[in-house]
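Written below as structure tokens is the structure these notes are about.
Throughout, read-outs are computed from the coordinates displayed, never taken from laboratory work. Keep in mind that what you see is a predicted model, and the values were worked out from it rather than measured. Backbone-built Cβ (ideal geometry, glycine too); neighbour counts: all protein chains shown.
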Amino acid sequence: MSRSASSRNTLWPYAVALVAVAISLFPIYWILTIALKNRVDAFAMPPVWLFSPVWENFGKAWSSTGFSGAFFNSLIVCAIGNVLALAAGIPAAYYLNKKRVPGRRTILIWLLISYMLPEFLFIVPMYVLFQSVGLYDTVIGLALIYQVFTLPFTIWLLRAFFADIPEALAEAARLEGASTLRIVWTIYVPIAAPGIAATVILNSIKMWNELTIALALTFEKAQTVTLAVAGFRGYASIDWGAMSAASIIIILPMALFAILAQRRIVQGLSLGAVK
Amino acid sequence: MSAVSLQGIDISYGSVDVVRNLDLDIRSGEFVVFVGPSGCGKSTTLRLIAGLEDGRSGQISIGGRIVNDVDPAKRDVAMVFQNYALFPHMSVADNISFGMRLRGEAKEKIQASVKDVARMVGLQDQLHKRPGALSGGQRQRVALARAIVRKPAVFLFDEPLSNLDAEFRAVMRYELSKLHRELGSTMIYVTHDQVEAMTMGDRIAVLAPLKQAGRSNLMQFGTPEEVYHRPANLFVAKFIGSPPMNFFDGHANGAEVSIGALRFPGASHLPADLTLGIRPEHVGLGTGEGPSVTGTVEGVENLGHEKLWFLATEQGRVVARTSGAVSHTVGDRISVHFATDKIHLFDRETGERVEV
């Protein structure tokens, strides 16, 4: 192959990747500029590309009624949601990997179906139930209802990671006297840690961005960030600057999480790729 | 009292029978090898002894105690797996001491035992490393150390050398045999490699897949000399020995056994249809004693100290093993003679050995 043909082959993937990244990141860049501009510059046509950033929108967003509370609610819901998903998902994934579990196929299909069901299906029946048991407008209630998608997802993902762990390790541990719980905790969980980390990150992103269920099953006390951002929309006007700043604030945790853990995500998702 | 005793063992996976009617008595301190081709049930039987297999009937005893329903950890056995089964996230020291830590033994005792065993297998400088940083041979020693530290009544080895290269395999064969002499423990070793079986075992259990076997998977249980020089049936005769035994279809006529024009000593009680076997080292080339035919040299493998000759004769293909000094050329027509006292006779219908 000639040098110029080889250079073209290298340049094309980079060019395509650059375009894809630009398309993905442009909306976020635009929101960030609105958050950092004053009202006049924010919607000036043609757009103002060089400007002095203003920070008051961020202060306004953070101190607006309920926003910081909603931010911490979302963090707590993600934390509890992940703990519940892992507490049930890890043992379930371990057992569902065993070939001789009765009804294994049926359980796995059922989990897949429940993961694929649209969220609004759960809202009406759960609204009534939550009201009657006192879980309405609570972070624990929200974390529980999010198990509808986090738990099947966790089980499916962890089952694949656990399947990559040779069964001989469990047998060797069993010969040494380890109980099943000890085998799961001291052998499977540490080895599958990248996969567990990937699962936690993906679950967190899903729960953090969720709106429909939060809208139906919370009111004020357990309101999440997605609802708080929607709250910047008034009856007669929209505070675009504060809303944009709020959007950037809520993107930051998941973005930082993903950047810091991106190696774990790739490691975890490619765990089974090569034997 | 047997160290390990298997009586009437049947193992099936669903509707598929894997092991049938297996009876074995292994003496204390013995090194027994289970050898056979894939699918003969050797690993399955080993795992049954360890307590890692279900779906069986029959009785298993270890040290005189029936252990059919005893938990694997309480059978006083230790196993070295084919792929070593080391815990990749633990150091060598933690791998070796895993069982001791589970049992809550004292830290000082754990440290001392780990150091002793590591020294025994030559890993005293690797204790802090993880399995990923070790070579295949070193990982195998860690697996061995983990078994030794338990001081079990019975060691179980499931093809532990199959993942090592040929050179290192020979070294480890010697080291395992040495370990057996030092510890004096009962060891059961599974392999498909007959060289390992012949060089390491005090006794060899030759197993066959059920479709080739018949009543039981166990084809012969004897010393290396017995299975090599007096194979009990055609399966053992074909499996043990490299290159394999030469086989010819023969007929018993009164006091003689004939293969074409060749005549060998027979007896009147022999079945009419026989299979005659003779090992390559008992086939001579050129002038010599015993019945002979003329054969054409089709090929030769020169191993230095010996040569393997491939000859075409009227009775079929013959393989002969001679010293490296013998010299012929491909295409030569030479006399091929057979030592009559080294002939093995088998009933062609049942495959069982018959004696003149």
**Q.** Karplus 3J(HN,Hα) series, Hz, for the stretch B:23-32 with 6.51 cos²θ - 1.76 cosθ + 1.60 (x for Gly, Pro)
**A.** 10, 8, 10, 10, 7, 4, x, 7, 10, 10
Q: Fewest Cβ neighbours within 10 Å first, please rank B:69, B:158, A:164 accordingly.
A: B:69, A:164, B:158
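For the protein assembly as shown, what is Rg from Cα atoms divided by 2.2 N^0.38 Å, rounded to two decimals?
Numbers: Rg = 36.2 Å, N = 631, 2.2 N^0.38 = 25.5 Å.
In units of the globular-protein estimate, the protein assembly as shown measures up at 1.42.
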Q. By its C-alpha gyration tensor, with a ≥ b ≥ c as the square roots of the eigenvalues, how is chain A shaped: rounded for a/c under 1.5, else prolate for a/b larger than b/c, else oblate?
A. oblate
(Q) Can you compute 3J(HN,Hα) from phi for each residue in the stretch B:314-326, using the Karplus curve 6.51 cos²θ - 1.76 cosθ + 1.60 with θ = phi - 60°, rounded to whole Hz and x for Gly and Pro? (A) 4, 8, x, 6, 10, 10, 10, 10, 10, 5, x, 7, 5
Q: Just rank A:11, A:142, fewest to most, by other beta-carbon atoms within 10 angstrom.
A: A:11, A:142
Q: Please give the per residue volume of the convex hull enclosing the alpha carbon atoms of chain B, rounded to a whole number of Å³.
A: 163
**Q.** Segment residue A:101-residue A:124, extension gain: residue separation times 0.36 nm, minus the distance between their alpha carbons
**A.** 4.9 nm
Q.
Quick check on packing: order A:184-190, A:223-229, B:48-54 by the mean number of other C-beta atoms within 10 Å, highest mean leading.
A. A:223-229, B:48-54, A:184-190
Q.
On the Cα set of the stretch A:1-54, report Rg and Dmax in Å, please.
A. 17.8, 56
(Q) Given bins 10 angstrom wide, list per bin the percent of all Cα-Cα distances in the stretch B:246-354, short to long. (A) 15, 46, 27, 11, 1
**Q.** the stretch B:169-318: C-alpha gyration tensor shape, a/c 1.5 cut-off, then a/b vs b/c
**A.** oblate
Q. Using Cα pairs under 8 angstrom and six or more residues apart, how large is the relative contact order of chain B, in percent?
A. 15
Q: Could you list which residues have their amide H under 5 Å from that of residue B:80, counting only those 5 or more apart in sequence or on another chain, with H placed in the peptide plane?
A: B:156, B:157, B:158
Q. In whole Hz, what ³J(HN,Hα) sequence does the stretch B:181-196 give by Karplus (6.51, -1.76, 1.60; θ = phi - 60°), x for Gly and Pro?
A. 5, 5, 7, x, 7, 6, 10, 10, 10, 9, 7, 9, 8, 6, 5, 4
Q) Quick one, what does Rg over Rh come out to for the stretch B:111-187 if you take C-alpha atoms and the Kirkwood Rh? A) 0.94
Q: For each of B:342, B:238, count neighbouring Cβ atoms within 10 Å of the residue's Cβ, then give the residues from fewest to most.
A: B:342, B:238
Q: Identify the residues of the stretch B:190-234 with backbone N under 12 Å of a label point that sits 7 angstrom from the Cα of residue B:21 along the Cα-to-Cβ direction, or state none.
A: B:213-219
Q. If you take the Cα Rg of the stretch A:1-140 and divide it by 2.2 N^0.38 Å, with N the number of residues, what do you get?
A. 1.75
Q. Per the helix-only calculation at 222 nm, which mean residue ellipticity applies to chain A, given -39500 (n - 2.57) for every DSSP H run of n ≥ 4 and division by its residues, nearest 500 deg cm²/dmol?
A. -23500 deg cm²/dmol
Q) Under 5 Å between amide H atoms, partner at least 5 residues away or on a different chain: which partners does residue B:34 have, H built in plane at 1.01 Å? A) B:189, B:190, B:191, B:205
